[in-house]
Each structure stands twice: as C-alpha cells, then as structure tokens.
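K.L.:
Below you will find the structure I want to go over with you.
The values are calculated or read from the model by the stated rules, or taken from the named source; none is laboratory data. Because the structure is a prediction, the values reported are computed rather than measured. Positions of Cβ are backbone-derived with ideal geometry, glycine not excepted, and every protein chain shown enters the neighbour counts. The accessibility values were calculated without ligands, DNA or RNA, using every heavy atom of the protein model including side chains. Shrake-Rupley method; radii C 1.70, N 1.55, O 1.52, S 1.80 Å.
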Amino acid sequence: MSTLITNIGELTTSTEAGVLHDAAVLVEDGRIAWVGGAVDAPRSRAAEFVDAGGRALIPGFVDSHSHLVFAGDRAAEFEARMAGQKYAAGGIRSTVAATRAASEDELRARLRGFVDELLAQGTTTVEIKSGYGLTVDDEERLVRLAAEVTSEVTFLGAHVVPSEYADRSDEYVGLVTGPMLDACAPHARWIDVFCETGAFSVEQSRRVLEAGIARGLSPRVHASQLGPGGGVKLAVELGAASIDHGTYLTDYDVAALAASDTVLTLLPGVEFSTRQPYPDARRLIDDGVTVALACDTNPGSSFTSSMPFCIAIAVRDMGMTPTEALWAATAGGARALRRDDIGIIAAGSRADLVLLDAPTHVHLAYRPGVPLVSRVWKDGIVRFGG
Ligand code: NIG
Ligand code: FE
C-alpha cells in the first residue's frame, strides 16, 4: 500500500533536512519511502493521494515518559497544591492503594483510553512505566498491561517505598532487585528508579539499576525533581538513555550531561502542576545538553497528556524556539528511547505522522490549548482524524 501526501505547506522533518515548504511524502508499507518537494514527487509510485491543503505536517510525538497504568484520582491533592501546599513523593502511595484495589479489566480499559487520548493529540509512541503496584504480583500486572499497548515498557518497582516496608527500605530494594525484577523483566525494556529524598538514595538507586542491567534492561532515571542530588551523576556513570525531570541541576550535572550520551528529558507539566520553577532549557541546550520533552502523565505531579501543551510551555517559559521544542518532543524523545526509526520524517523511518490544522508548527505554541491535530498516522495507517 502506498500513499502520497502532497501539498504540504510546511514539513518539519526533525532531521538535518530541517523544515521544507511545498513538500510531499510517500508512505509505503508503513514506512516513509520518499520525502521532498511536491513538484518532484514520485506520483507514479502512489496508489492513493492525500491533499494536505497547504497545512503543516510533523513527525508523531514520542512521549518518552509516562505512568499510564493506575487507578484513582488525586484532584484534591492538586487543588490543595494550588492553595499553597507542596508536592511530596509520598502522594504516590495513595495511587498505589487505588491501583492495587482495581481489577485488571479496569486498569486495561483506563490504559487504552489514555492511549487513544494521546493519539488524538498526536502522540504515536509512548513509554509507559509501572510503579503503582509495588508488590511482585501488582508490578507484574502493570508491566504486562503496559506491554499490551507499547514496546517501550519500564519497570519502576523502585518508585517509592510502600507503607508496609516503612523503615525497611533496604529490604524493599532487595524485593525489587530480586523476585519483583524476575517477574517484571520479561515484559520490560527499561529499568527506572526515583532517586530523590523521600524515595530512594543514590546507593539504593545504584543497586536497582545495576540489577536491572544485569537482567538485560537498560537504565533511565528519575532525578533532581524536588532538589539537587546524586542521581544525574549516577545516570551518566551507568550510561542511562535518559535522566528525567532535572528541575534542580547543579553546574556539575550540566557539564556531565553535556559530555555524555544521556538525554535530559524535561517534563514541564510537572513544574506547571507542582508550581516549581521551570528549568532553563535555553541554557541547557546552549551548554550542549540533548533535551527531550515528555508529558509524565500521572495522577500526582502532571496529569496532562498533551505534548502540544508541553511544547507551548517550553517555548513560552523555558526559552526553547518552537522548532527546538518540536524536535525535543519528536526526535529528542526518540533519542531518549534510543530509537532511530521514529520521531523523524526521513526515508526509511516509520510513517508516524501528524497533520496539523495550521500553516506552521509554530502554531503549537502560538495557539496553546487549541486542538490543532487534524489527522494522525501510525505505521502508515490513519489512527485519528479523517
Ligand atoms: O514522575 N517522580 C516520581 N514519579 C512521578 C510522580 C508520581 C506521583 O506523584 O504519583 C513523576 O513525577
Ligand atoms: Fe515520572
């Protein structure tokens, strides 16, 4: 099956080819077969034609950080925060209780609903973490459900120490790195840990990540969300694909990231929803750090699933240009997942594409809150829009 999308007013490739005008894209068997100017398009190779009407085409968003398998709601916690209360890691435990109490069918239905919600907003790849089960069986259930909807599954048994292990955190780390890892590793690609005061120490985080690596999982780390700490240094030392949050980075952290292959995944929805300061992405990029943007959809710290919303914040409040923010939300996310087949529009890449109801991708930040996603293709198949 081959489709030529033509009359594309603006095509953002998220590659070195940059932004093209009056462009066309040929999709064949789920992959991009050709990209270039509409006048040069290989029309004879196409069985079907789509007229983009002069609008903007971008790569599908790659949301490299989410916690989509959970039950319950923490609207009251958000409301209290907006009235001045501080965000704390301990809130995770209330979602753990609700998630343990939910049936597998309930969790699956909610998860699938989220995946559709993301697709409708242009996200074609999502990474999904466990972390609201925190027993062997509950964590196994969460990674198994996540694996039904994505290949980017992360085992996050070390999200927080559950109440039943209060004051026995090292014992809990033993459970995570032993039987829980045994049960979860077959369903996961990644191992993650929340390295933060109130969650896990640097030493405990190292135990978790090294155990995951020994089981063939690749590391990524939640760090420096609530204050500076040793998580970034650890992540870089272990060759993590990404450190996520980075709200409170030291100069040392920035230099270490710039000299590494570890992506810094910024999560502006968290700062928005916890009233923390936005990271200075401008400075980070200028210092040579590779920055990705993700939503961190979860019921506690960031309950948005909108990559366009995160892009708008990154442009308005974090100093990124619209093109940098779009790169970070597409190719940057792909890099944070060590993938080179998504997040770009180039010959050979997957045909994950978003047609915007806008003449340029700049509208993603210029028209915040407006649903601009008109049509979404994943692997060349229309999954949203007409
Ligand atoms: O990425 N930082 C840790 N985990 C989530 C928050 C989870 C929660 O509050 O439920 C995050 O922000
Ligand atoms: Fe998170």
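K.L.:
For the range 1-90, list the strands (runs of 3 or more DSSP E) that sit wholly inside it and hold at least 2 residues that are surrounded by 14 or more Cβ atoms within 10 Å (Cβ to Cβ), outside the structural domain of residue 151 (by TED's automatic domain parsing) and β-branched (Val, Ile, Thr); which are they?
P.N.:
Numbers: elements: 2-12, 19-28, 31-37, 48-51, 56-59, 61-63.
Strands (runs of 3 or more DSSP E) meeting the threshold: 2-12, 19-28, 31-37.
K.L.:
Can you tell me which residues in the range 122-140 are crowded, with 24+ Cβ neighbours inside 10 Å and either in a loop (DSSP other than H, G, I, E, B) or more than 15 Å from ligand 1 (Cβ to nearest atom) (or both)? Show your work before the answer.
P.N.:
Here is the first cut: in the range 122-140, the ones crowded, with 24+ Cβ neighbours inside 10 Å are 122-134, 139.
Of everything in the range 122-140, those that are crowded, with 24+ Cβ neighbours inside 10 Å and either in a loop (DSSP other than H, G, I, E, B) or more than 15 Å from ligand 1 (Cβ to nearest atom) (or both) turn out to be 122, 123, 124, 125, 127, 130, 131, 132, 133, 134.
K.L.:
What tally of residues in the range 99-109 results from selecting those that are in a helix (DSSP H, G or I) and buried (at least 16 other Cβ atoms within 10 Å of the Cβ)? Give the derivation first.
P.N.:
Keep residues of the range 99-109 that are in a helix (DSSP H, G or I), which gives 99-101, 104-109.
Imposing the further condition that a residue be buried (at least 16 other Cβ atoms within 10 Å of the Cβ) reduces the set to 99-100, 107-108.
Residues meeting the conditions: 4.
K.L.:
Go over the candidates 246, 198, 216, 212 one by one and state the one that is more than 16 Å from ligand 2 (Cβ to nearest atom), in the same structural domain as residue 153 (by TED's automatic domain parsing) and either within 17 Å of the chain's Cα centre (by Cα) or on the phi > 0 side of the Ramachandran plot (or both). Walk me through it before giving the result.
P.N.:
Numbers: 246 fails: more than 16 Å from ligand 2 (Cβ to nearest atom); 198 fails: more than 16 Å from ligand 2 (Cβ to nearest atom); 212 fails: either within 17 Å of the chain's Cα centre (by Cα) or on the phi > 0 side of the Ramachandran plot (or both).
Result of the check over 246, 198, 216, 212: 216.
K.L.:
If you don't mind, another one. Pairs, please: C-beta under 6 Å, at least 6 apart or cross-chain, first residue within 11 Å of residue 61 (Cα to Cα) and open to solvent by 30 Å² or more (accessible area, probe 1.4 Å) and in the range 372-384, second modelled with pLDDT of 95 or more and not in a strand (DSSP E or B)?
P.N.:
Short answer, once both residue conditions are applied: 378/352.
K.L.:
Select from the range 158-169 the residues that are touching a helix residue (DSSP H, G or I) at 6+ places or on another chain (Cβ under 7 Å) and open to solvent by 30 Å² or more (accessible area, probe 1.4 Å) and write down the one among them that is farthest from residue 205 (Cα to Cα).
P.N.:
Taking the range 158-169 first, the residues touching a helix residue (DSSP H, G or I) at 6+ places or on another chain (Cβ under 7 Å) are 158-163, 165, 169.
This time we only want the ones that are open to solvent by 30 Å² or more (accessible area, probe 1.4 Å), so: 163, 165, 169.
Working: 163: 19, 165: 17, 169: 11 Å.
The qualifying residue farthest from residue 205 (Cα to Cα) is 163.
K.L.:
Could you check, for the range 295-302, whether at least one of its residues is among the acidic types (Asp, Glu) and either surrounded by fewer than 24 Cβ atoms within 10 Å (Cβ to Cβ) or over 18 Å from the mean Cα position of the chain (by Cα) (or both)? Can you show your working first?
P.N.:
Filtering the range 295-302 down to residues among the acidic types (Asp, Glu) leaves 296.
Now drop any that are not either surrounded by fewer than 24 Cβ atoms within 10 Å (Cβ to Cβ) or over 18 Å from the mean Cα position of the chain (by Cα) (or both), which leaves none.
No, there is no match, as no residue in the range 295-302 is among the acidic types (Asp, Glu) and either surrounded by fewer than 24 Cβ atoms within 10 Å (Cβ to Cβ) or over 18 Å from the mean Cα position of the chain (by Cα) (or both).
K.L.:
Further question: Hey, among the residues in the range 239-268 that are among the acidic types (Asp, Glu) and buried (at least 17 other Cβ atoms within 10 Å of the Cβ), which one's nearest to residue 287 (Cα to Cα)?
P.N.:
Here the residue is 253.
Condition check ((1) within 16 Å of ligand 1 (Cβ to nearest atom); (2) in a strand (DSSP E or B); (3) at pLDDT below 95) across all residues:
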| site | (1), (2), (3) |
| --- | --- |
| 282 | no, no, no |
| 305 | yes, no, no |
| 369 | no, no, no |
| 382 | no, yes, no |
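K.L.:
Ok, one more. List pairs: first residue in the range 262-275 and within 12 Å of ligand 1 (Cβ to nearest atom), second residue of a type in the set (Lys, Arg) and in a helix (DSSP H, G or I) anywhere in the structure, Cβ distance under 9 angstrom, at least six positions apart or on different chains.
P.N.:
Close Cβ pairs (under 9 Å, with a partner that is of a type in the set (Lys, Arg) and in a helix (DSSP H, G or I)) amount to 273/81; 274/81.
K.L.:
Have a look at 102, 146, 185 and point out the one that is within 16 Å of ligand 2 (Cβ to nearest atom) and either at pLDDT 95 or above or under 28 Å from residue 344 (Cβ atoms) (or both). Spell out how you get there, then give the answer.
P.N.:
Details: 102 fails: within 16 Å of ligand 2 (Cβ to nearest atom); 185 fails: within 16 Å of ligand 2 (Cβ to nearest atom).
Result of the check over 102, 146, 185: 146.
K.L.:
Please work out which one of (1) more than 30 Å from residue 378 (Cα to Cα); (2) without any contact (Cβ under 8 Å) to a residue 60 or more places away in the chain; (3) within 16 Å of ligand 1 (Cβ to nearest atom) is the condition residue 111 fails and give its number.
P.N.:
It fails just one condition, (1).
K.L.:
Could you check residue 317 against (1) within 16 Å of ligand 1 (Cβ to nearest atom); (2) under 30 Å from residue 72 (Cβ atoms); (3) surrounded by fewer than 17 Cβ atoms within 10 Å (Cβ to Cβ) and say which number it fails?
P.N.:
(1)
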